[in-house]
Each structure stands twice: as C-alpha cells, then as structure tokens.
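Beneath this line is the structure, given in structure tokens, with notes to follow.
No value in this document is a laboratory result; all are computed from the given coordinates. All values reported here derive from a predicted model rather than from experimental measurement. Methodologically, a virtual Cβ is constructed for each residue, glycine included, from the backbone with ideal geometry; neighbour enumeration extends over all protein chains shown.
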Amino acid sequence: MAFSPKRVPIPRRGVDYRGRVVLAPMVRAGELPSRLLALRYGADLVWGPETVDRALIGTERRHNSATKTVEWVKPKPGTDASTACDNVIFTTHPDLEENKLVFQIGTSDPERAVQAARLVAADVAGIDVNAGCPKPFSTSGGMGAALLREPDKLCAILEALVKEIVPEFEIGISVKIRILETPVETEALVRKLCATGITGLTVHCRTTPMRPRERAIRGQLRMIADICREAGVACLMNGDVVTKDEGLQLAKEFGADGAMIAIAAEKNPSCFRSASQGGPLPWRPVTEQYVQTCMDVRNRIQNTKYLLAQMVPGKEKEYRSLVQSKCYKDVCTALGWEHMVERAEELDSILKLDQRTAGRQKKEIKRKAETQDASSDGQAKRPKAATAPVPPPTISSEPVAQVEQPQAPVSLAT
C-alpha cells in the first residue's frame, strides 16, 4: 500500500498552496491592479497587502458597479455631508480573483483578528497572518515580525482564527514568518505554529534585521519544509525568487511545496510567465497592460505612478516625464500611448484629477507671477549706480556761485 502523507484538510472554499507559485503580500504592489496583472501572467494565487485589523474594523462592504469590484470603505469626515468622502481600505474583483485571493491581516490580538477577518472572509479564499514584516509601522504595534518574539501570542491568534473563521466561512488560515537567528529557535517556532490548525506556512528566508538587498538564507528551509510536511501543512518559500520556473525548481530542490515572488513581481509582473510561454516580457507591453488595468478599476494615480516607476528603467527617456506626471493623461502622454489619451482624460475627469491638475497649474502661474513681481520690486528699489562728482570747470581762488550739472552723468568704474 502506497504511503499517503498527512495533510491538514483544506476547507471547502479554501485553497491548497501545494504546487503553486504566488504573488507575495506587498504594501503597494499588492493592490488590486498588480494582483490582476499577476494572475493574467500566470500567478496561481495572489496575496493582498497587509491590512491592519483596526483599519478594517468599522468598514462597510460596498459593490462598485462601475468597476465591478467590492470595496471595504470607512467614512472619512469632511466639513459637511457634501465634502465628506470615503477611505477605501481594501478592494477585490470577485469575477477575476475568485478562489485566487488570500487576505493578509496585520494584527496583535486574537479578538481583533477574528473581528476583522469576519468582514472579508466570505470574499476571499484564505486568511493569512503577517508575522514577518520588519517595518516599524507594523512592528511598533506588536504586529508583523514583532510576533516572532511572542510565539504564544502568535499561536493564540492563529488558533482563534482557526476556531472561529474556518467553520463559519470554510476557508483556510495560514501564516507568513521569517527565519530566526538559529535553526533550533526556528524549529521550535515552526512546530508550535503547525500545531494550531493552519493549512499553510510561508517562510521568508531572511531574519528580521535583514534587508531585501541581502541574499536570502536557505540553510534552514529544508528543515522547515520537513516539519510542515510531518504536520500536513503546506510550505511556501520566499526570498530571491525571480521567475515562476525558478520558484518551482527551488521548491523541489529544498523540499518546499511552492514559492512566493515579491520584488521581481513588483518590477515585472510577467515574471509569472513560464519559459514555455516565452518567459518574462519587456517593460513596454507590461506597463501598457498595467495602466489599462489601473484604468479599468480606477486605481489611485499615486499607486499607479509608484508601480510604473518600479517597472520603467530609470535610464529610459520616458522615466523623467513619467515621475512628473499628475494624472492618467500625463502618464499616457509620457509613455507615448496616444491611443489611450482620450480614455485617460475621461478617467481623470471622473477622478477629478483634471481639476487638481488645473489647480496646480493656476498655483504655479500665480507663484511665477509673484516671483516676477518680487523681482521687479527689488529692481525698482535697488539704489542707482553712484555717479562721478562733477569737478569745477577751473581751479580758481575766486568763489564760484553755481556749477551747471552735466546732462549725462558718468558712472564710476567698478
């Protein structure tokens, strides 16, 4: 009889991470357009950006008929009802992300984690707890990598989610961690996490102090993968994975079940194209598809510009105009997409970016005018050049009643 490895059951609406190469959770590159483009190019699953539980709690779920998206919005106070606007906390596209989206939550408290997860659980394929982000905005609140120093709290959060969310919404719970300083410490942590009932664990092969420019450390990966396999938990590897094919090869080499791509996907989402599909594409067709996707879902121009600045090489002539753009029309013009300008203008009008641009232009004109006026005033008040004293026509001992001034005074040499 063939041996069947142990597996934690995948809930009915959940997803199995095994054999998958996925998009990592990233603050900017995890927004909706980036996720949709990654899926288009071959990502098996996509993680949303870390969303803090406190930010999600108190939101209202709304369907946006114009973009066919679902948004979680929180009222943003204005001076009155006419000026109040909503702050969109998270967005998903049900038709395009169904059974593909994992929601990552930033939390430091079991009760808040459950309260926040309940708001999105019906619309996603899994809930992932961030226990690996080393940035202060996460760790200062006891979230992210700070949880690695409090394994009991992290386990309590996972156990609460498994107990409350899995039966009600039938999706899996997972966690993303970093390696610890020693294999012994990492092993103890992973064994505790695998005993909480999670279906998946992603390990970023760097310690908390390490930065992305430092090479990933894979020496502990096989040990982690073995522990996960014993417990029936899927294990994804993360860190310096550049393409989908490389992710599958590395997972096989180190015994992991799949791989997660971060920075490479931020720079070029077509990294999810396999070699049989032709591999990654040049930046021009990728950025054009990205902007079209951004316009489809009415993405914030700030996020659109940021991601484009990662995709377009800084040495390209279009780069400078791109980073100076203020609206979608500017973006399309900077990148030479005249066929998209009309649509961009329509979107700018909807998003009121044209009004903002016009306002900035008026302010710039006013600023220049004030600068010129100040310059003119300064010149008007500037003292006249000194003039040479007029000597008397002759040297005489007799007094001179009056000396006639010359019509054209002569300036002193300087």
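Using Cβ counts within 10 Å as a stand-in for footprinting exposure, how do Cys235, Cys205 rank, fewest first?
In order of increasing Cβ crowding within 10 Å: Cys205, Cys235.
What does the highest-first list of 138-150, 207-219, 17-29, 61-73 look like by mean Cβ count within 10 Å?
Packing proxy ranking, top to bottom: 17-29, 138-150, 61-73, 207-219.
Along the three principal axes, how long is segment 276-344 when you take its alpha carbons, biggest first, rounded to the nearest angstrom?
Over segment 276-344, Cα extents along the principal axes are 37, 28, 22 Å.
Over segment 182-221, consider all pairs of different Cα atoms and compute the Kirkwood hydrodynamic radius from their mean reciprocal separation; express it in Å, one decimal.
It is 11.5 Å.
Compare the peptides 97-105, 6-14, 222-230 by average per-residue count of other Cβ atoms within 10 angstrom and give them in order, highest first.
By packing density, highest mean first, the sequence is 97-105, 222-230, 6-14.
Semi-axes of the equivalent ellipsoid for segment 21-280, please: Cα gyration tensor eigenvalues, times 5, square-rooted, ordered largest first, whole Å.
Largest first, segment 21-280 gives 29, 23, 17 Å.
Which of rounded, prolate or oblate describes segment 208-349 when judged by the alpha-carbon gyration tensor and an a/c cut-off of 1.5?
Prolate, because a/c is 1.5 or more and a/b exceeds b/c.
What net charge do the residues around Trp337 carry, taking every other residue with its C-beta under 13 Å from that of Trp337, with Lys and Arg at +1 and Asp and Glu at -1?
Numbers: positive: Arg284, Lys329, Arg343; negative: Glu288, Glu318, Asp330, Glu338, Glu342, Glu345.
So the surrounding residues net to -3.
Applying a 10 Å radius around every beta-carbon, put 197-204, 304-311 in order of their mean neighbour count, most first.
The packing order, highest mean first, is 197-204, 304-311.
Given Cα pairs under 8 Å that are at least 6 residues apart, what percent is the relative contact order of segment 21-280? Let's see the in-between values first.
Working: 553 pairs, mean separation 43.1, N = 260.
Across segment 21-280, relative contact order equals 17 percent.
Please work out whether segment 14-130 counts as rounded, prolate or oblate from its C-alpha gyration tensor, where a ≥ b ≥ c are the square roots of the eigenvalues and a/c under 1.5 means rounded, while otherwise a/b larger than b/c means prolate and anything else oblate?
Note, shape of segment 14-130 comes out oblate.
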